[in-house]
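All remarks here apply to the structure that follows.
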């Protein structure tokens with residue numbers, strides 16, 4: 001029996017040394033010092049021993065019981081102290097500054113798009129939208145570009161494989177937002193004053209100045225006695241509000257199949273102020289949009305009499321404006337999702 005007590009002592013102290021948390025320590029206590037623990041069972045079995053052996057074994061068992069209880073208390077104190085130190089290390093110092101919260105922001109294209117819309121809304125224009133997947137009729141034919149018109153070569157078109165009962169109905173991804181103007185004139189009678197912002201698509205390779213998808217804003221005004229002077233006054237005011245009150249604006253003849261006459265609108269270079277530099281090709285001017293008086297054939301297609309009504313239209317690429325304003329030399333940056341670029345705006 002004495003040998004059992006010594007083996008129990010060796011085993012109990014070894015296990016106590018390996019205890020690393022409070023739960024394991026409680027399990028150890030129950031196993032050796034609990035009411036049904038190993039040492040208690042030995043003490044209860046002393047009555048079966050002879051008197052001399054009972055005295056020796058009992059003394060050693062009681063001595064071991066006190067030693068185990070003392071070691072248990074010391075181990076518990078050590079574990080509790082370690083837990084306090086760990087909590088102190090992990091505690092939150094509320095006086096420390098918090099982690100910065102990164103706020104989202106509008107894409108630079110969206111910022112400029114909203115700015116353009118606000119300018120034209122203040123002039124009395126309404127904002128209208130239309131489908132991005134469009135009928136060929138609205139994208140070309142209604143805009144004075146029949147199937148054999150050479151101007152269609154200006155628009156690298158993404159066609160949609162869409163089966164219809166009629167062979168002459170073909171769908172495509174719109175190449176400009178001008179189809180929205182046709183849809184408005186079909187449903188409304190003059191006076192009309194609208195702008196049509198939205199995405200457009202071109203089937204072309206991407207490079208520093210070309211993207212297959214980009215944003216446009218096109219405008220239309222139709223009423224009696226509208227002249228080229230109204231167009232010039234509207235766009236001159238627009239460029240002053242968008243680029244600054246000291247901007248100079250130039251109108252030159254250009255060709256677009258849905259307007260007659262057509263004009264190219266340019267502003268004096270923001271970098272050299274018209275002196276000539278690399279940005280403007282040493283011309284002193286930078287083109288920003290195309291415009292003109294609505295072609296009479298376009299008005300006739302929507303049952304508006306060109307002998308009574310006239311109108312002007314204009315269109316611009318939205319990405320071109322922040323490129324000019326901020327000196328961005330690659331349009332692909334707008335759609336690269338590079339936060340180093342986007343967070344600058």
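The values are calculated or read from the model by the stated rules, or taken from the named source; none is laboratory data. As the structure is a prediction and not an experimental result, all values here were calculated from the model. In this analysis, Cβ positions are derived from the backbone assuming ideal geometry, glycine residues included, and neighbour counts consider all displayed protein chains.
The table below gives the values:
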{"read-out": "Scan of the range 276-292 for residues that are in a strand (DSSP E or B), more than 31 Å from the chain's Cα centre (by Cα) and at negative phi, ordered by number", "value": "285, 291"}
{"read-out": "Matching residues in the range 251-275 - criterion: being assigned to a strand (DSSP E or B) and buried (at least 18 other Cβ atoms within 10 Å of the Cβ)", "value": "259, 262, 263, 264, 265, 266, 267, 268"}
{"read-out": "Flag for residue 150 being surrounded by 12 or more Cβ atoms within 10 Å (Cβ to Cβ) and on the phi < 0 side of the Ramachandran plot", "value": "no"}
{"read-out": "Tally of residues being crowded, with 17+ Cβ neighbours inside 10 Å and farther than 27 Å from residue 266 by Cα across the range 302-322", "value": "3"}
{"read-out": "Scope the range 227-266; condition in contact (Cβ under 8 Å) with a residue 40 or more places away in the chain, under 28 Å from residue 155 (Cβ atoms) and under 35 Å from the mean Cα position of the chain (by Cα); matching residues", "value": "234, 235, 238, 239, 242, 243, 265"}
{"read-out": "Residue match in the range 171-192 (condition: more than 30 Å from the chain's Cα centre (by Cα), surrounded by 14 or more Cβ atoms within 10 Å (Cβ to Cβ), modelled with pLDDT under 95 and more than 28 Å from residue 222 (Cα to Cα))", "value": "no"}
{"read-out": "Members of the range 300-320 found to be outside any strand (DSSP E or B) and touching a strand residue (DSSP E or B) at 6+ places or on another chain (Cβ under 7 Å), listed by number", "value": "304, 309, 318, 319, 320"}
{"read-out": "Selected residue [under 60 Å from the mean Cα position of the chain (by Cα), assigned to a helix (DSSP H, G or I) and either at pLDDT below 75 or closer than 30 Å to residue 86 by Cβ (or both)] from 3, 23", "value": "23"}
{"read-out": "Selected residue (criterion: modelled with the highest pLDDT) from residues of the range 26-48 that are surrounded by fewer than 15 Cβ atoms within 10 Å (Cβ to Cβ) and outside any helix (DSSP H, G or I)", "value": "34"}
